[in-house]
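The values are calculated or read from the model by the stated rules, or taken from the named source; none is laboratory data. All figures in this text were calculated on a predicted structure; none of them were measured in a lab. Using ideal geometry, Cβ is built from the backbone for each residue, glycine included, and neighbour counts are taken over all protein chains shown. Side chains included, ligands, DNA and RNA excluded: accessible areas come from the protein's heavy atoms. Shrake-Rupley method; radii C 1.70, N 1.55, O 1.52, S 1.80 Å.
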Amino acid sequence: MTIRNYHPNDYPAIADIYNASKLDELKFEDNHYQLLPLDLDAKRQFNLLNSTIFVYDDALIKGYSAVNGNTIQSLFVHPDFRGLGIGRALLAFALQGIDGDATLQVVKSNTPSKTLYRAYGFSDIEESEANYNGVNVTINTMLRRR
């Protein structure tokens with residue numbers, strides 16, 4: 001297992017992981033969401049590519065995280081490789097590079113991800129509305145004090 005810096009050649013794998021995983025973070029919502037692939041989601045693609053991206057590479061890229069300043073922009077593990085500690089490894093690695101408090105945003109109903117973040121010291125500090133592909137969703141901002 002290696003967590004390493006992203007290389008532009010990794011983009012197809014990153015996009016595949018995003019596209020396979022994005023709707024999973026919304027599956028606990030009452031609303032129905034339709035996938036907007038990363039290549040067509042200009043806002044999320046811009047935020048991702050303007051972050052520091054780390055990939056979990058085990059002869060195959062199985063997950064990635066992205067950090068911008070003190071904010072974890074994204075953390076996704078391909079559905080085929082969940083439950084193996086990849087998300088924990090990526091989160092711990094990302095946090096090592098953050099000096100000071102860390103923040104992230106997560107769908108309020110995404111209990112599995114929130115459980116992981118709480119295990120690393122994050123707590124809810126704010127609730128807001130966001131929009132994914134034309135449908136509103138409630139988001140929690142979480143903070144980890146250092």
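When you scan segment 3-51, how many residues do you find that are open to solvent by 70 Å² or more (accessible area, probe 1.4 Å) and outside any loop (DSSP other than H, G, I, E, B)?
Looking only at that region, the number is 11.
Check Asp16, Asp10 and return the single one that is farther than 16 Å from Asn131 by Cβ, of a type in the set (D, E, K, R) and within 15 Å of the chain's Cα centre (by Cα).
Going through Asp16, Asp10 in turn, just one is farther than 16 Å from Asn131 by Cβ, of a type in the set (D, E, K, R) and within 15 Å of the chain's Cα centre (by Cα): Asp16.
Pull out all pairs, ordered by first then second residue, where Cβ-Cβ is under 7 Å, the residues are six or more apart or on different chains, the first lies in segment 21-38 and is under 14 Å from Pro79 (Cβ atoms), and the second is surrounded by fewer than 13 Cβ atoms within 10 Å (Cβ to Cβ).
As it stands, the answer is Ser21/Pro79; Asp24/Pro79, since those pairs meet every condition given.
Regarding Leu91, is this residue within 16 Å of Ile53 (Cα to Cα) and under 12 Å from the mean Cα position of the chain (by Cα)?
Yes; evaluated as a whole, the condition is true for this residue.
Name the single residue, out of those in segment 54-103 being in contact with a Lys or Arg (Cβ under 6 Å, 6 or more places away or on another chain) and in a helix (DSSP H, G or I), that is most open to solvent (accessible area, probe 1.4 Å).
Phe81
Any residue at all in segment 92-107 that's closer than 21 Å to Phe28 by Cβ and of a type in the set (Phe, Trp, Tyr)?
no
For segment 29-36, indicate whether the set of residues that are of a type in the set (Asp, Glu) and over 24 Å from Leu143 (Cα atoms) is non-empty.
yes
Counting only residues that are in contact (Cβ under 8 Å) with a residue 24 or more places away in the chain and part of a loop (DSSP other than H, G, I, E, B), which one in segment 107-137 is nearest to Gly87 (Cα to Cα)?
Among residues in segment 107-137 that are in contact (Cβ under 8 Å) with a residue 24 or more places away in the chain and part of a loop (DSSP other than H, G, I, E, B), the one nearest to Gly87 (Cα to Cα) is Tyr120.
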